[in-house]
Every structure is written in C-alpha cells, then in structure tokens.
Amino acid sequence: AAGVIQSPRHLIKEKRETATLKCYPIPRHDTVYWYQQGPGQDPQFLISFYEKMQSDKGSIPDRFSAQQFSDYHSELNMSSLELGDSALYFCASSLELQREGFNEQFFGPGTRLTVL
Amino acid sequence: AQSVTQLDSHVSVSEGTPVLLRCNYSSSYSPSLFWYVQHPNKGLQLLLKYTSAATLVKGINGFEAEFKKSETSFHLTKPSAHMSDAAEYFCVVSWSGGSNYKLTFGKGTLLTVNP
C-alpha cells in the first residue's frame, strides 16, 4: 500500500538559509499534519491542513510557513534557519471524512534537517 | 488540555521476559489513545489504538494494551520480549483542538532488550 512520502530525507543548511520540506500524503487522504522532533525529544505538533486550508496551529515559529496544494501535497517552508531548527520533521496524513471520534494518522519517514 | 505521561524514560528487559511500558493520560473527554514505536533513525509506526471500543487492544508484533478508565492508564505489554523490540515507544493521545485532530505525544520510553 502507498505510504506518506517525504522529501528530501536529509537536508543540510547553513544558519540564516531557507529550507523547503515536501510531503505527499496517502492517496485520497485530505488532511496533512506536520510535527517536529528535536534530538531526544518527543514529536511536537506544528500545523495541519484540511482540504487545503489551515485547520490548526501548534508551536510553529513565525519563521515557518506551510501550505497544502490542490493535489493535497504539502510544503513546509522554513526561513532564517537557526541551529535549534535541527530536527526530524514528520509529516502525517489522515482521512478526516471518516471521522469516527478519532483519526488515524499515518506517518512518513521524516526529513532530517541539520543546520550548521 | 489532554496529555499523557510515560512513567519510565528507560526500561531494560532480558530477551524472552515480559515487557511493561506504563502510560497515564489526562483527558476531559473520552480519549483516543495510541502507542507508536520508533526504531533508531526510522519513522513512527502505529502499534495499536484505543478508540472507545474494546478496552483490551491487540496490536502488531504481539503487543497489547489495556485501557483502564478508573486508573486513567493505557499500559503497553508484551509477554515475551524480542531483540527486535528494542526501540523508543510513544504513548499518544488524540484530541480535537480546532477543526480536526492532532496528536500529543508522551516523552517516550526507550526499551532496551538484553540477550
């Protein structure tokens, strides 16, 4: 079965540079979530999109922005990168139309961002 | 707000012995609870989920968890540990804080399996 695809898998950037992470959800999934997992930390929710509209926002810095496109893929744009942005960034997708009091989020393999 | 507390940051067991990873939750509503596993340098894999159906939930790889409302617990167990079970385990609660659902993770429990 098709899974969530994230690209690139690894990314190395310098301080103050910009980075763009991409997420391709499972086909027919309409919701995308972004999470950030720092070294030795638990994943933290950043932002989510449902049907191309931002649906919720977590602890996402103002330097970051994201959007979901017409084909449901999503991009996380990160500007003025700082050393502390080094982390594993996960994307997850779900099908909200089948809301039954819960949703199952399927995670991609993550993009490991290293800021030097 | 909803949260989960994983009571042990590190659990070490011998191969073939039982595994118990403890999780307590705090929720104003009937929660949806999950256990995810993360192997080194890998993504997150769903082990099992509780969604207000049966309180004893069976997952993949022989893991199971029991939802106990009176104790606000959702502990993960496995009768016999295997070397391949060594990984980080996250207890997760799902809640709706907007128009859809987001996950709140516990701090994780690192499971070490000794030969």
Please pick out the residue among A:SER80, A:SER65 that is small (Gly, Ala, Ser), in a strand (DSSP E or B) and surrounded by fewer than 22 Cβ atoms within 10 Å (Cβ to Cβ). A:SER65
For the subset of segment A:42-61 comprising residues that are at the interface with chain B (Cβ under 9 Å from one of its Cβ atoms) and hydroxyl-bearing (Ser, Thr, Tyr), which member is nearest to B:VAL37 (Cα to Cα)? A:SER48
Is it the case that segment A:6-19 has a residue that's within 14 Å of chain B (Cβ to nearest Cβ), at pLDDT 95 or above and within 22 Å of B:PHE105 (Cβ to Cβ)? yes
Candidate set from segment A:68-77 (those that are assigned to a loop (DSSP other than H, G, I, E, B) and surrounded by 15 or more Cβ atoms within 10 Å (Cβ to Cβ)); member that is farthest from the other protein chains (Cβ to nearest Cβ): A:HIS73
Residues located in segment B:10-36, provided they are of a type outside the set (Phe, Trp, Tyr) and either touching a Cys at 6+ places or on another chain (Cβ under 6 Å) or modelled with pLDDT under 95 (or both): B:CYS23, B:SER26, B:SER27, B:SER28, B:SER30, B:PRO31, B:SER32, B:LEU33
Given the structure, is B:TYR29 surrounded by fewer than 18 Cβ atoms within 10 Å (Cβ to Cβ), touching a residue at least 60 places away in the same chain (Cβ under 8 Å), within 14 Å of chain A (Cβ to nearest Cβ) and not basic (Lys, Arg)? yes
Residue list for segment B:2-56, filter: more than 19 Å from A:GLN41 (Cβ to Cβ) and aliphatic (A, V, I, L, M): B:VAL13, B:VAL19, B:LEU20, B:LEU33, B:LEU46, B:LEU47, B:LEU48, B:ALA53, B:ALA54, B:LEU56
Kindly indicate whether B:SER12 is closer than 12 Å to B:THR109 by Cα, surrounded by fewer than 21 Cβ atoms within 10 Å (Cβ to Cβ) and touching a residue at least 12 places away in the same chain (Cβ under 8 Å). yes
Residue under evaluation B:VAL92, criteria (1) farther than 17 Å from A:PHE45 by Cβ; (2) of a type outside the set (Ser, Thr, Tyr); (3) in contact (Cβ under 8 Å) with a residue 60 or more places away in the chain, criterion not met: (1)
Any residue in segment A:97-107 that is within 14 Å of another protein chain (Cβ to nearest Cβ), in contact (Cβ under 8 Å) with a residue 40 or more places away in the chain and more than 30 Å from B:THR5 (Cβ to Cβ)? yes
Can you give me the ranges of the strands (runs of 3 or more DSSP E) entirely in segment B:1-110 with at least 2 residues that are closer than 28 Å to A:TRP34 by Cβ? B:3-6, B:23-26, B:32-38, B:44-50, B:73-78, B:87-96, B:101-105
Suppose we keep only residues that are more than 9 Å from every other protein chain (Cβ to nearest Cβ) and aromatic (Phe, Trp, Tyr) within segment A:21-41. Which one would you say is surrounded by the most Cβ atoms within 10 Å (Cβ to Cβ)? A:TRP34
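The values are calculated or read from the model by the stated rules, or taken from the named source; none is laboratory data. This one's a predicted model, so the numbers in the text were calculated from it and none came from an experiment. Using ideal geometry, Cβ is built from the backbone for each residue, glycine included, and neighbour counts are taken over all protein chains shown.
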